[in-house]
There are 2 protein chains.
Amino acid sequence: MAGIRDVARLAGVSTATVTRALRDEPSVAPKTKERVRAAALRLDYVPSAAARALSQGHSTLLGLFVPDIVNPFYAEVAQGMEDRAAEARFHCVIASSHLNRERERQLLTSLQDGTLAGLAATTVGTDEAFTQALSAMPGPLVLVDRRPRGLKAPLVRTDNRKVTREAIRGLFEMGHTRIAMISGPQDFDTACQRLSGFRMAHRDAGVRVTEQLVRHGHLGETGGHQAMTELLAMDPRPTAVFCFNNLVTVGALKAIREAGLAIPADISLLAFDDMSLFPLVDPPITAIAQPAYEMGRAAAEILLRQLAGETGIDDRVLPATLIPRASLGPPR
Amino acid sequence: MAGIRDVARLAGVSTATVTRALRDEPSVAPKTKERVRAAALRLDYVPSAAARALSQGHSTLLGLFVPDIVNPFYAEVAQGMEDRAAEARFHCVIASSHLNRERERQLLTSLQDGTLAGLAATTVGTDEAFTQALSAMPGPLVLVDRRPRGLKAPLVRTDNRKVTREAIRGLFEMGHTRIAMISGPQDFDTACQRLSGFRMAHRDAGVRVTEQLVRHGHLGETGGHQAMTELLAMDPRPTAVFCFNNLVTVGALKAIREAGLAIPADISLLAFDDMSLFPLVDPPITAIAQPAYEMGRAAAEILLRQLAGETGIDDRVLPATLIPRASLGPPR
């Protein structure tokens, strides 16, 4: 790992200036700060925040709030965060609200006592009281995946809109025109961004979105199963369906199986978020894979930089990738 | 939920005696204590430990230590524990060591300050120093799935040996005689118990275990993939394989696919631990399902009872169930 000397050398300043620059002290000129931050970023340098925190009797425990630890996306985010934290001798604890906003708020309250040195959060709460509770947490905050309205903190996310737009364009190119989407709660910005990409692809193709084919507010296997069952009861039914996350996809898949329909001959299925078993399902499921592990690492990285005194950290947008498998095909 | 009056009525004692009995105070006769505990158990009664802890300024945070949060078994245990804890107004945080013993030890140390009111642990550490670190945690302890050698605390587990013995017997009845097992580290008692069931089924069938067909020390997809690749290179190769957990099964499945072999015609595949996608894999995977969610609930329940002053709590053994799907068949 790079040390403070390496950063000083690359930036052409003293090690003392590196320290002051990364703490955003006013005595350092803005241009110098910029140079030091660029050098630190390039060398992947993080000051030994753990050593400092410990010597001052502070916590070296980072928290990760997730809505549902049974969703492997969050488990992988957790793993990335733990691994990056461990490199800096920090540790992580995970708190899962099981998609329950009241439980999430209580959890936040129970951890407001300085137990955590910093918090990474993917939350289900969206109202103002919740945003205030989150802002009231001591220590730095980083958001993962989603930004509750009005909350100012660096965010780690993927390019939801762009990757969805391209994937849906692929469905139009195959000849689909009746494409459904099983979406999440309308106050989740991820759901909104994916839906926005879905709409943009329709506009690109000159096809009007059939609003009945867009199902809002679904979460988990149960939500996906219910929405898919409703979609399959429509006449004419959609020839393709896009699920806004992995567990919703599993539920939709089970509903399609139960209806005795073939994928992709009767209906094409596209998932947002990959799962380790999607390649082994019959048929293998085409998915938009988010770099969940890397997102967790980036979240820890941002917390460590904030703990080192860095401010004004930008959002981090990581690319998601469409992984073509066998669940998409031309309509009959 | 049952209250202290219900317990007192059922046990035929005063509410004060219920309180004293559950705190194991010497002033209560052993027979009375037994009657009170039986009544509390039957009514699913837990005193309001949260209320008491809060009024005394104590933590209402329970900890769950798991080796690998990416394994959905532990995520489901976590969910069960969170749900049960929430009913008593306690909250949970999860710490995952990513199968790293050193990280696990450091995590334990970082939480020895009273942050947690109690700890549920499935650990990878097995040596004496580790056992001591675990015993040194303040507050009650419950073990989940595995017992590190020499550690005295109530354990929540499934009947690993029995269910494995029966499942392997089924393979013999189908006509298999060359049955392989991909097992875990030899110092995990779960791996030992499942291996013991595997050996017992061989004895029942009068077939000697081919030691080369038993692969020790494998964990995760990578471990399963490697072990399966080695097994498939043997001549003659096994006609059936039993994987000691879910992620090992996923790795084995991928290796069988890569080798171009058909399940179950070329090789039967049996998993310990179910996964939500196993029914949708080609072919659907036969699995021994542990009641992971219920195990998490039971762990929280035991911690709450200990926090209420109850002592001498027995191990809790929950039944696992063989779920027949399509990955087992007679050998060619």
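Read-outs throughout are calculated quantities, based only on the coordinates presented, and are distinct from any laboratory measurement. All of these numbers come straight from a predicted model, not from anything done at the bench. In this analysis, Cβ positions are derived from the backbone assuming ideal geometry, glycine residues included, and neighbour counts consider all displayed protein chains.
Structure values in brief
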| read-out | value |
| --- | --- |
| Charge dipole (debye, nearest 20) of the stretch B:139-289; +1 at Cβ of Lys and Arg, -1 at Cβ of Asp and Glu | 600 |
| Inter-copy separations for B:Asp235, label at 7 Å along Cα-Cβ, nm, ascending | 6.2 |
| Positive dipole terminus of the protein assembly as shown, leading residue within A:Met228, B:Ile94, B:Gly217 (C-beta point charges) | B:Ile94 |
| Structure-based [θ]222 nm, the protein assembly as shown - -39500 (n - 2.57) summed over DSSP H runs of at least 4, per residue, nearest 500 | -13500 deg cm²/dmol |
| Given charges at Cβ of Lys, Arg, Asp, Glu: chain A dipole, positive-most of A:Leu318, A:Val248, A:Ser276 | A:Leu318 |
| Calculated FRET efficiency for the pair A:Asp159/B:Asp314, C-beta based, R₀ 56 Å, to 0.05 | 0.55 |
| For the stretch B:51-196: rounded, prolate or oblate by the Cα gyration tensor [a/c cutoff 1.5] | prolate |
| For chain A, built as a Gaussian network whose Cα springs stay under 10 Å, the top-fluctuating residue of A:Asn246, A:Asn160, A:Asn100 | A:Asn100 |
| Distant alpha-carbon pairs in chain A (separation over 28 angstrom), percent | 47 |
| Copy-to-copy label separations for A:Thr109, where each label sits 7 Å from Cα toward Cβ, in nm and ascending | 3.5 |
| Förster-model FRET efficiency, 35 Å R0, A:Asp266 and A:Asp187, C-beta, rounded to 0.05 | 0.60 |
| Rh by Kirkwood over Cα pairs, then Stokes-Einstein D for the stretch B:236-314 at 1.002 mPa s and 20 °C, µm²/s | 145 |
| Global geometry of the stretch B:160-291, whether rounded, prolate or oblate, following the gyration tensor of its Cα atoms and the 1.5 cut on a/c | rounded |
| Residues B:Lys152, B:Lys33, sorted so that the one with the fewest Cβ neighbours within 10 Å comes first | B:Lys152, B:Lys33 |
| Dipole magnitude (debye, nearest 20) for the stretch B:4-43, charges at Cβ of Lys, Arg, Asp, Glu | 80 |
| Calculated FRET efficiency for the pair A:Arg203/A:Asp235, C-beta based, R₀ 41 Å, to 0.05 | 0.95 |
| Spacing of the two label points (7 Å from each Cα toward its C-beta) at B:Arg89 and B:His216, in nm | 5.1 |
| Part-to-part distance (alpha-carbon centres) for the stretch A:3-25 and the stretch A:153-212, which is given in Å | 44 |
| Peptides B:192-203, A:319-330 ordered by average Cβ neighbours within 10 Å, highest first | B:192-203, A:319-330 |
| Equivalent-ellipsoid semi-axes of the protein assembly as shown, from the Cα gyration tensor, Å, largest first | 39, 37, 27 |
| Shielding of B:107-120 by partner chains, average beta-carbon count, 10 Å | 2 |
| Label-point separation, B:Glu128 to B:Ala326 (7 Å along Cα→Cβ), nm | 5.4 |
| Dipole magnitude of the stretch A:1-151, debye to nearest 20 (Cβ charges: Lys/Arg +1, Asp/Glu -1, about Cα centre) | 700 |
